[in-house]
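Peer 1: Below you will find the structure I want to go over with you.
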Amino acid sequence: MRPEDGEALGSGSAGAVFAVPTDEGDVALKVFPGRLYQRTRLRLERELKGLSALDGQVLVPEAVEELPDGRCALRGELCIRSLLDLVDDTGPLPVADTLVLGTAIASTLARAHEAGIFHGRLTPANVLFRASGEPVINDFERTLRPVFVRDPHHGSDFLAPEGPHGEGADLYGLGAVLHFALTGLPPGPDRPELHRVDAPIDLLALTENLLAEDPGSRPAGAAEVEEILAALVPEQSTVDPELPVAVSGEIQGFPLVTIGPEPASAPVPRKRSAWPVLTIGAATVLAAAAWVLLSGSPEPPPRAQAQPGPVKTSTSPKPAPRVELDAPIDHGSMVELTWRAPAGFDSAVVVADGTGEPKTTIVRQQRTMKVPVEPGRKYCFLIQITDGGGVQESAPRPIRGAVCRN
């Protein structure tokens, strides 16, 4: 049976994929347009062996085959659909599904990058869902890309501007996937500011930062992105992991938060972030002043009562602030922030709009950020920095006549 006699599932920049029936069930067969020479095949087999260490999170081809007409093909597990198909069929994903999907992808990329493996062409078309609903990343193998080039512009709307090389390109691809999941659109160069009223500002800001044109302005790594997204994932306490649940778009399976089987040996623990120190400091600062945005009253707000606990006192003068926030630039639905801080300090952006608790977004070594806002609403902003010890903060900055007080 020719692969073309099976069901065509789609095509990429190098090959076309078909669902082909076998005695063991349907499989996916990715067919390339030419013959594979021995040296390239050996290099491909070595690459697949390396990828097998990520099996469960990465969809690794099971075998390299030569078809009767000499063409090369990769045989592998058949998945039910891609993120591209899902969003095209049902529209943007719910925010909760976007968060757990993004966390799963960031976790996969973090493990791959720790092993020195990079994808380079991460798009919604190669984020696939197993029948269980579990997301996996396809097309990690890079050996065949320069050998069989059918359409070099395939998926270019989702690819990093600097090209498909290194960790930065994968971070941009993750941002493109998140943008597509939230909006149903690729992140083109002339895209409007990302805005979705039901999404947490941290998710929107992270997505914009991942899509920064300059790779140096993106987050420090996939592990950092995983940490931020995981903190935003809603509690799953009402979900019974033993029962199938409906994920988005009529996919029936287990919770998307499932990544795959545990590795045979425990992975090396990643370096812990210093930000628990900052977030505790931020909570203390914000609880101590109902602060940042007042409705315009000239009277200072009443000070909140301190919570019981140990109190440290010092006769030393408070050190001068070492972080300076420039005047925010208001673009209507987005505010552009720029600040200066010492090298080696991580940053967090605190935003208050007077409707609830101020929100803190960790941005690490970045010194700029675009914050989605609601047109016409008053806001206050400040920056906090830490080197893993204490927390320092800038003076608050208002827009639209807001009154900010510490």
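Peer 1: I'd like to check which strands (runs of 3 or more DSSP E) are fully inside region 326-406 and have at least 3 residues that are among the β-branched types (Val, Ile, Thr).
Peer 2: On the way: elements: 334-340, 346-352, 359-364, 368-372, 379-386, 391-393, 397-399.
Passing ranges, in order: 346-352, 359-364, 379-386.
Peer 1: Let me ask something additional. Please verify whether region 364-373 includes one or more residues that are farther than 18 Å from Arg218 by Cα and either aromatic (Phe, Trp, Tyr) or crowded, with 19+ Cβ neighbours inside 10 Å (or both).
Peer 2: Here is the first cut: in region 364-373, the residues farther than 18 Å from Arg218 by Cα are 373.
From what's left, either aromatic (Phe, Trp, Tyr) or crowded, with 19+ Cβ neighbours inside 10 Å (or both): 373.
Yes, region 364-373 contains a residue that is farther than 18 Å from Arg218 by Cα and either aromatic (Phe, Trp, Tyr) or crowded, with 19+ Cβ neighbours inside 10 Å (or both).
Peer 1: Oh, and also: I'm told Asp89 meets every condition in (1) surrounded by 13 or more Cβ atoms within 10 Å (Cβ to Cβ); (2) at pLDDT 75 or above except one. Can you identify the failing condition by its number?
Peer 2: If we test Asp89 against (1) surrounded by 13 or more Cβ atoms within 10 Å (Cβ to Cβ); (2) at pLDDT 75 or above, just (1) comes out false.
Peer 1: Next up: Looking at (1) in contact with an Asp or Glu (Cβ under 7 Å, 6 or more places away or on another chain); (2) more than 18 Å from Glu226 (Cβ to Cβ); (3) surrounded by fewer than 21 Cβ atoms within 10 Å (Cβ to Cβ), find the lone condition where His113 falls short.
Peer 2: Unmet for His113, out of (1) in contact with an Asp or Glu (Cβ under 7 Å, 6 or more places away or on another chain); (2) more than 18 Å from Glu226 (Cβ to Cβ); (3) surrounded by fewer than 21 Cβ atoms within 10 Å (Cβ to Cβ): (2).
Peer 1: Moving on. Return the residues of region 177-210 that are closer than 17 Å to Val335 by Cβ, touching a Lys or Arg at 6+ places or on another chain (Cβ under 8 Å) and outside any helix (DSSP H, G or I); say none if nothing qualifies.
Peer 2: Glu193, Pro200
Peer 1: From Gly221, Gly188, which residue is outside the structural domain of Met334 (by TED's automatic domain parsing), more than 19 Å from Val363 (Cα to Cα) and not hydroxyl-bearing (Ser, Thr, Tyr)?
Peer 2: That would be Gly188, the only listed residue that is outside the structural domain of Met334 (by TED's automatic domain parsing), more than 19 Å from Val363 (Cα to Cα) and not hydroxyl-bearing (Ser, Thr, Tyr).
Peer 1: OK, next. Kindly provide the set of residues from region 39-66 that are surrounded by 13 or more Cβ atoms within 10 Å (Cβ to Cβ), over 25 Å from the mean Cα position of the chain (by Cα), hydrophobic (A, V, I, L, M, F, W, C) and assigned to a strand (DSSP E or B), ordered by number.
Peer 2: If the condition is that a residue be surrounded by 13 or more Cβ atoms within 10 Å (Cβ to Cβ), over 25 Å from the mean Cα position of the chain (by Cα), hydrophobic (A, V, I, L, M, F, W, C) and assigned to a strand (DSSP E or B), then Val64 is the only one that fits.
Peer 1: Just a yes or no: is a residue in region 19-34 modelled with pLDDT under 85, closer than 21 Å to Leu174 by Cβ and not assigned by TED's automatic domain parsing to the domain that holds Asn138?
Peer 2: As a first pass, look at region 19-34 and keep what is modelled with pLDDT under 85: 19-34.
Pick out the ones that are also closer than 21 Å to Leu174 by Cβ and you get none.
No; the residues of region 19-34 include none that is modelled with pLDDT under 85, closer than 21 Å to Leu174 by Cβ and not assigned by TED's automatic domain parsing to the domain that holds Asn138.
Peer 1: Out of Val323, Val350, I need the residue that is more than 20 Å from Glu193 (Cα to Cα), surrounded by 15 or more Cβ atoms within 10 Å (Cβ to Cβ) and modelled with pLDDT of 85 or more. Which one? Lay out the reasoning, then the answer.
Peer 2: On the way: Val350 fails: more than 20 Å from Glu193 (Cα to Cα).
Of the residues listed, the single one that is more than 20 Å from Glu193 (Cα to Cα), surrounded by 15 or more Cβ atoms within 10 Å (Cβ to Cβ) and modelled with pLDDT of 85 or more is Val323.
Peer 1: Is at least one residue of region 112-126 under 26 Å from Gly25 (Cα atoms), outside any helix (DSSP H, G or I) and touching a residue at least 40 places away in the same chain (Cβ under 8 Å)?
Peer 2: Within region 112-126, none of the residues are under 26 Å from Gly25 (Cα atoms), outside any helix (DSSP H, G or I) and touching a residue at least 40 places away in the same chain (Cβ under 8 Å).
Peer 1: What are the residues in region 67-96 that are small (Gly, Ala, Ser), closer than 14 Å to Ala181 by Cα and part of a loop (DSSP other than H, G, I, E, B), if any? Walk me through how you get there before you give the answer.
Peer 2: Filtering region 67-96 down to residues small (Gly, Ala, Ser) leaves 70, 73, 76, 82, 91, 96.
Within this subset, residues satisfying the condition of being closer than 14 Å to Ala181 by Cα are 82, 91, 96.
Gly91 - this is the single residue of region 67-96 that is small (Gly, Ala, Ser), closer than 14 Å to Ala181 by Cα and part of a loop (DSSP other than H, G, I, E, B).
The values are calculated or read from the model by the stated rules, or taken from the named source; none is laboratory data. Since this is a predicted model, take the numbers as computed values, not measurements. All Cβ positions, even for glycine, are placed from backbone atoms using ideal geometry, and neighbour counts span all protein chains on display.
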